[in-house]
Structure formats: C-alpha cells, structure tokens
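Worksheet for the structure shown next.
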Amino acid sequence: MRRAVLLLPLLFLHGCSCQQQPPLTESAAAREGAAHADDVPQHSAPTPPPTAAAPTPLSAVAADALDEPSLVHRYLSALAQGDVATADAQWTGGGPGGHPDDAALRALPDFRGLRIKTSAPIARDTAEPSRLREVPVQIRVSTGTSTLRFEGWYRLQPRPDGSGWEIHGASIQPVLN
C-alpha cells in the first residue's frame, strides 16, 4: 500500500499511458515531425489522392420525412378517429386494396381508446439504404363494448417521389387472451 502511495504522484507527473491523446492537427503533426526529423530518417512514399466515392445515402426518403414508426402511428390514429381518407392516403396507391391485411382492425366500430407500441423498423431487403422496411406493432383498442389486442407488422416502402414512406402491406392478427 505504501509503495502505491509513493508511485501515485510519479504517475501523475509522467502521465498515464492509458489516457488518450487528442488527434494531431496537420500543423501540430508537422511541428512534431520537424522536432523528430533528426531522429528518424524520412523515407515516405507519396500518398495517393483520395478516391471520390459516391456517398451512400443514409435514408431512402427525404431527411424531413416522418420516420417509419411515426407513419404507422399516424395511420392507426387516423383509423381510430374515423378519418378513413387520411388513413388510406398512407397506403401505396391511396388505399389498402380490396381486402387489407389489417381488415379486422379497420372494421372495428366505435374506437374509444388506442394504444400503439412499435418496435424498431427491420430492413427486409439488401439495398443500401433499405427500401423495404417492416415495423413490428402491438395495438390495444378499446371500443364501446370491449378491449381487443392485435399484433403484427406494417411493411413500408419509399413513396415514388422519395418524400416519405408509405404502407405497402400489413399482417395484423387479433391476439387471444
């Protein structure tokens, strides 16, 4: 213990090797290189110019667009409020088609309460960035007569103009207690 107490001040004076040093700027690197120029012979190969690779877009949609879970929330909230036009506008082609995969949910009368829990979107393709995303969802709906639960997912794709996401498909099933 006594040795540790004696060595501790030396450690602070010398500096700990585990401390990270800030990265050198070009001017600091040049000064440090000049300070050690006499110590080490300089034999460096010329550096090739950086290649101009096209930057990979971070998202398949506009940066200011709603994220995937928010779009699902908007859709389900519109359904709960009885605003079918706004809900249908979230789908590819302006509607879910003849028999939507969330028909049981869409057919519920008298929404009184809605609780939506989404999980992180899952890429369902290998494109970079992903152009097909699946949003897992758990839904609890209160109606005038009962409380029902649903689970499943909504599959989203970018709108043709890239302005945001749209619902491409769904798989929503009732959960039995």
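The values are calculated or read from the model by the stated rules, or taken from the named source; none is laboratory data. Keep in mind that what you see is a predicted model, and the values were worked out from it rather than measured. Cβ coordinates were reconstructed from backbone atoms using ideal geometry, including for glycine residues, and neighbour counts include every protein chain displayed. Each accessible area value is taken on the protein alone, full model and side chains, heavy atoms only, with ligands, DNA and RNA left out. Shrake-Rupley method; radii C 1.70, N 1.55, O 1.52, S 1.80 Å.
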Label-point separation in nm, residue 99 to residue 81, each point 7 Å along Cα→Cβ: 3.1
Whole-percent carbon and sulfur share, accessible surface of the stretch 95-177, 1.4 Å: 47
Rounded to whole Hz, the Karplus (6.51, -1.76, 1.60) HN-Hα couplings of the stretch 124-133, x for glycine and proline: 10, 8, 10, 5, 10, x, 4, 10, 9, 10
Sum of side-chain charges, residue 112 neighbourhood, beta-carbon under 15 Å (Lys, Arg +1; Asp, Glu -1): +2
Spread of Cα-to-Cα distances over 5 Å intervals beginning at zero, given as percent, for the stretch 69-120: 4, 19, 31, 28, 14, 3
Interchain or long-range residues, amide H under 5 Å from residue 132's placed H: 124, 125
Rg/Rh ratio calculated on Cα atoms of the stretch 95-152 (Kirkwood radius): 1.09
Normalised contact order of the stretch 66-163, rounded percent, pairs of Cα under 8 Å and 6 or more residues apart: 23
Table column - 3J(HN,Hα) (Hz), the stretch 76-93, Karplus curve with 6.51, -1.76, 1.60, x for Gly and Pro: 5, 5, 5, 4, 5, 8, x, 8, 5, 4, 5, 4, 5, 5, 7, 8, 4, x
Protection proxy ranking of 149-158, 106-115 - average other beta-carbon atoms within 10 Å, highest first: 149-158, 106-115
Cut-off under 5 Å, modelled amide H: who pairs with residue 153 long-range: 137, 171, 172
Residues of the stretch 123-168: accessible area per residue with a 1.4 Å probe, Å²: 51
In Hz, Karplus ³J(HN,Hα) per residue of the stretch 95-108 (6.51, -1.76, 1.60; θ = phi - 60°; x = Gly, Pro): x, x, x, x, 9, x, 6, 10, 4, 4, 6, 5, 8, 5
